[in-house]
């Protein structure tokens, strides 16, 4: 659900609406705009009609269901194009950004060789998997911290910004 707050809504009212959303078992994602704030309530769609009760609050302008399956990326949540900065590269701008690299960072030699090739081929970002969570504890789990160090070295060598997938915030 998308909860649009009135333009004069105070920070205390925003916090109150977020608290109520959490109490209903949803996660609030607040987008603070110049004219008004919008809160996306993310969670199980089966109980979403309970969120309509928020319409009775003085600070709420409207409560609207999200129809798209990818709620946070939906134009219903945010009309503007999303742009993400990766180093000096802007993803989501007017040009296509190619990100390339090995599925798994396995060695220094492998990564530096691949990094040089992807840069020569026109890629703007180097990607490589430092963490490879597997269902079997006996399977290769990635180089983890050492893989991150190798990605940093490849960044220094090539000038390409790097990305990797992080499965857990503790890593």
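Where a number appears in this text, it was derived from the coordinates with a stated rule and is not lab data. Just so you know, these numbers come straight off a predicted model, no measurement behind them.
Some observations on this one:
- For the range 1-145, the relative contact order works out to 18 percent when only alpha carbon pairs closer than 8 Å and six or more residues apart are counted.
- Selected from 56, 107, 136 as most flexible by GNM, with the chain as the system and alpha-carbon contacts under 10 Å: 136
- Helix 11-23 and the longest principal axis of the Cα set of the chain meet at an angle near 80°.
- Tilt relative to the chain, helix 108-120 - C-alpha long axis, 0 to 90 degrees, to 10: 70
- Hydrodynamic radius (Kirkwood) for the range 2-73, which is based on Cα pairs only, to one decimal in Å: 12.2
- √(5λ) per eigenvalue of the Cα gyration tensor, the range 84-163, largest first, Å: 24, 14, 10
- Taken over the chain, the alpha-carbon convex hull comes to 165 cubic angstrom per residue.
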